[in-house]
Amino acid sequence: MDKSEISELFHSQLEAVFKTFNYDAAFLKCLNVNNKEIIVNFPVVLDDKRVEIFTGYRVQHNNWLGPYKGGLRFSEEVHMEECKALAFWMTIKCALHKLPFGGAKGGVMYNPRKYSEDENRNISKAFCAAIYTNIGPSLDIPAPDIGTSSQTMDWMVSKYQELSNDENKLNLGCFTGKSVDCGGSLGRNHSTGLGVALTIDYWNKHHKEFIDAPLKTYIVQGFGNVGIWTMHFLNQFGYTCLAVGDHTGYYKFNEACDGIDIELLKKYNADNRGLYNLETSPLFKCVDKISEEDFWKMKCDIIVPAAKELQITKDIAQNIDSSCRLVAEGANGPTTADADALLFERNIEVIPDVLCNSGGVVVSYFEWVQNNSNDHWSLDLVEERLTKMLFNTCDNLFVLKDQYKGGFIWRKGGKQDKYSNRTLAYKISVDNLFHNKK
Ligand code: NAD
């Protein structure tokens, strides 16, 4: 993948909303740059006593609404351009719900699957030490993303507390997505997937003008935190998963099987660190391995990209089966700009990432509030507040959709088209940023 493609994607999305709604150009200039871009190189002693140097990043995009907030990604593919795009999307995502946070993103360029648990702990702590002066509960609050988990956050919190002599553990809000034992919120681990499932279901039930018949079947790319919990809750809400894909391949659940046992699939995934050879497992008799090309062409009502960015390209968008009515972006930036335009032309609804996968940052906000006030909310309360916030933002978007029906947007190259859900979601965010700037 060309590293500049992801920058072009978010710059074009931002430019589209500014040109469409004629915002002040000075305001666009501010959002087009990052407040701070940090690169750190730090040594870690490995199990065999060798010293390896790791490179980490933290990009702080904008803090008009409050402290920076955004995930940490551990992957060989992490690079500065990716962090910049993801930090920008966090600014938009937080502003969409009027959360008192700005946008940030970071990561370490390495593959945690290739290292032992001790090594991963030491890398996490060393990275925390390297960015220590730039983070904190009222400055910048990291969270999990690809390749990181509540365990990673727990390691980093302990390092942060050690460095800040925080014996009374008053600084728990310096990271979110921690385990519950370490001060995390009930419900944070599954919140992104629950949010994806809730927005899909809300769209399905409340958006009759765009979805003519009830949606029932779906496919999901990515079987990590977001993909697993999206599938868990969609199945609970009565939807049927027809296929799933991860970095090991794509697997179709044939009609002979009466739904897939998600708990068994989760266990298989954890035991095998992925869905390797799922089709040969005696535990899953109804699974066939398929090509990635065939996966995207499958007949289904809903497609959930929940792996990583730039997965749905123009070619893929062209070949998506006409039975598909909805693309729900569980991942950040999974659709290229060309593909997005094509989905729009093909009248396939897109729930944009900044709304669809925002359940995670909403519950991260709840975790931060609980930590700062030494409070503990029940799971019911967390889920009730999450649902309310997501549905309220969906309603705001539906109102705008209605208001601008038949309107036109500016698109790169001067082409005009109707307003997309993404452009309208960005309008809500940009308005909130402008009116609530501190
Ligand atoms: P994860 O590391 O838990 O899982 C990623 C999944 O994607 C894995 O199943 C992996 O095998 C799969 N994958 C990776 N490369 C792939 C490829 N080339 N083809 C097919 N599958 C591939 O990560 P996650 O936390 O589930 O995050 C997934 C996406 O959701 C990312 O875009 C992330 O930024 C976004 N997101 C995550 C959260 C969160 O709370 N974890 C919140 C909002 C958005």
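FYI, it's all coordinate maths here, none of it is from the lab. Everything quoted here is computed from the prediction, not taken from an experiment. Virtual Cβ from ideal backbone geometry, glycine too; neighbours counted across all protein chains shown.
What the table shows:
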{"item": "Candidates Cys356, Cys394, Cys286: whichever shows maximal mean-square fluctuation once the chain is modelled as a Gaussian network with Cα springs under 10 Å", "result": "Cys286"}
{"item": "Cα→Cβ-extended label distance, 7 Å offset, between Asp201 and Glu5, nm", "result": "3.5"}
{"item": "Violating pairs (Cα-Cα greater than 31 angstrom) within the set Lys84/Lys125; Lys69/Lys266; Lys205/Lys405; Lys3/Lys388", "result": "Lys3/Lys388"}
{"item": "Gyration tensor over alpha-carbon atoms, region 267-410, equivalent ellipsoid semi-axes in Å", "result": "30, 27, 12"}
{"item": "Relative contact order (%) - region 33-167, alpha-carbon pairs under 8 angstrom, separation at least six", "result": "27"}
{"item": "Residue-wise HN-Hα coupling along region 263-275, computed from phi with Karplus coefficients 6.51, -1.76, 1.60 (Hz; x: Gly, Pro)", "result": "5, 5, 5, 4, 5, 4, 4, 5, 5, 9, 6, x, 9"}
{"item": "Computed over region 189-343: relative contact order in percent, which uses C-alpha pairs under 8 Å that are six or more apart", "result": "23"}
{"item": "Separation in nanometres of the label points that stand 7 Å from Cα toward Cβ, at Thr313 and Asn32", "result": "2.8"}
{"item": "Length gained when the stretch Glu167-Asp48 is fully extended (0.36 nm per residue, less Cα-Cα span)", "result": "39.6 nm"}
{"item": "Listed residues Gln60, Gln151, Gln236, most fluctuating in the chain (Gaussian network, C-alpha, under 10 Å)", "result": "Gln236"}
{"item": "Per-residue [θ]222 nm for the chain (sum of -39500 (n - 2.57) over DSSP H runs n ≥ 4, rounded to 500)", "result": "-14000 deg cm²/dmol"}
{"item": "Cα-projected label distance for Thr280 with Ser322, points at 7 Å along beta-carbon direction, nm", "result": "4.0"}
{"item": "Under 19 Å from the Gln151 label point (7 Å along Cα→beta-carbon), backbone N, region 35-75", "result": "45-48, 72-75"}
{"item": "R0 of 35 Å, Cβ-Cβ distance Arg346-Arg113: FRET efficiency to nearest 0.05", "result": "0.45"}
{"item": "20 Å Cα-Cα threshold exceeded, pairs from Lys93/Lys437; Lys105/Lys314; Lys98/Lys169; Lys93/Lys438; Lys216/Lys297", "result": "Lys105/Lys314; Lys98/Lys169"}
{"item": "Relative contact order (%) - the chain, alpha-carbon pairs under 8 angstrom, separation at least six", "result": "17"}
{"item": "Added length on full extension, which subtracts the Cα-Cα distance from 0.36 nm per residue, Leu381 to Thr248", "result": "44.2 nm"}
{"item": "Cysteines without a disulfide-compatible neighbour (Cβ-Cβ under 4.7 Å), the chain", "result": "Cys30, Cys83, Cys94, Cys128, Cys174, Cys182, Cys241, Cys300, Cys324, Cys356, Cys394"}
{"item": "Calculated FRET efficiency for the pair Glu263/Phe391, C-beta based, R₀ 30 Å, to 0.05", "result": "0.60"}
